Amino acid sequence: MEPSPSSLPRKRGRPRKDKPKEEERETETERETEEATATPTPTTPTTTTAAEKMRDRVEKKPQSSNIDDKYTHWKSLVPILYDWLANHNLVWPSLSCRIRELPQNNNIVATHTDCPEVLIWDVEAQPNRHAVLGAADSRPDLVLTGHQENAEFALAMCPTEPLVLSGGKDKSVVLWSIHDHVSTLASDPSTKPTGSAGSIIKTTDNISIGPRGIFQGHEDTVEDVQFCPSSAQEFCSVGDDSCLILWDARVGTSPVFKTAFISYAVFTFPVEKAHDADLHCVDWNPHDENLIITGSADNSVCMFDRRNLTSDGAGLPVHKFESHKAAVLCVQWSPDRSSVFGSSAEDGFLNIWDYEKVGKKNENGARTPNSCSGLFFQHAGHRDKVVDFHWNAADPWTVVSVSDDCDTSGGGGTLQIWRMNDLIYRPEEDALAELEKFKSHVVDCASKS
């Protein structure tokens, strides 16, 4: 029995856009013309020799060998760079494009797949299929409807209320409230809470929820969305139209600010094809709500101050962070330090930045050579594109990151949990003092021996 398309492993990350049908037809016509006018040449049966096979393998090997060499070098530095690190290889790639946790109840998660709906799951209510023989298949507790086309990556949960935000290929941003499901069932005595204690989801045959609002303003696929940390009514979105849009649900479904990118300039009116690359990700600083970061297919991360995004003026990014060699897929502010954020990309690196270090000089008054402005740590433990990562809010400076290894290993991925050496992020004076103590300890031990 052949597997259905939905059960096949999929490559995570943004797929490259298909050629227009007209271009495909032109290419096919050109190919047919070339074949018709080409001079026929006699053909002779050929066989692939062992030497040719060996040459093909040698030609394909350098890239894989280069990745392995970099990974081996990184492994040799793990005891120095990290306080601790855990690695888990995933044999089968995840069929979920995005998974987000509800802050008000950690047992409730939302998932994006290759479909228009957002699925809500109460983890405690799902059958334990690994431990119980013959357990029923998992079934989502709620299905959020409203998108007209697939919604795969843009997904966010509100930190202050049980609200869900999504974006998709239909160019729209959709807002739901899980409370809408509870309120419609409150008068039905046949419904009852299920799953984890304090669950806000009740059992019912009708598990669909319609949207509270559908926000139109993008001109291409919406790639990421994010709530304002202190407001359930304010949120932002980015998309393949190279626009950052700020929304306020209290004033309707039209954009409050629509920001298109032209090099370093930012405008509050739409500019078609203003940027050569798509915007893939966005995050709102939980410590300073004026700061928003975006990641793009142009390999860079930009930081913006929303106070400069006025209706009649132009603003500039506070800074542009450049170090990645491929498209940036995920950005997130640190929950522990207001000036620190991370970015992961298709180049396999997860960079940790501190915007307060931008332009900082060393003791001699010169900038450090061959260093990217603001970059102070680079996690190189993945062999392929890092599609997602998160800071651990309960354990300072701890990060979980996941890569999609389809291109390098043919399937699966890698999940890593790690914390960098505290000497890297502690104040320089404290780090030097501890190193001096360690140096004295080593000298004492050497003298006694």
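Any read-out appearing in this document is the output of simple, stated calculations on the displayed coordinates, not a laboratory observation. Note that the structure is predicted; figures quoted are calculated from it, not measured. Here the Cβ positions follow ideal geometry from the backbone for every residue, glycine too, while neighbour counts run over all protein chains shown.
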Report summary line: Among segment 227-244, those whose backbone N falls under 16 Å of a label point 7 Å along Cα→Cβ from E219 are 238-244
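Tally Lys and Arg at +1 and Asp and Glu at -1 over the other residues with C-beta under 15 Å from the C-beta of S76: what net charge comes out? Write out the running numbers ahead of the final one.
Values: positive: K70, K75; negative: D68, D69.
In short, 0.
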Query raised in the report: What's the extension gain from D444 to D288 if we count 0.36 nm per residue and subtract their Cα-Cα distance?
Result: 51.5 nm
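Quote the convex hull volume per residue of segment 65-172, based on C-alpha atoms, as a whole number of Å³. All intermediate terms of the calculation are to be shown ahead of the outcome.
On the way: hull volume 21.6 nm³, N = 108.
Looking at segment 65-172, the number lands at 200 Å³ per residue.
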Report summary line: Here, V78 and L432, labelled 7 Å along Cα→Cβ, have an inter-label distance in nm of 3.3 nm
**Report entry** Exceeding the 27 Å Cα-Cα cut-off - candidates K258/K320; K70/K325; K169/K385; K70/K437; K75/K385; K70/K169
**Finding:** K70/K437; K70/K169
Query raised in the report: What ³J(HN,Hα) values, in whole Hz, does the Karplus curve 6.51 cos²θ - 1.76 cosθ + 1.60 give for segment 152-157 when θ = phi - 60°, with x put for Gly and Pro?
Result: 10, 10, 6, 8, 8, 10
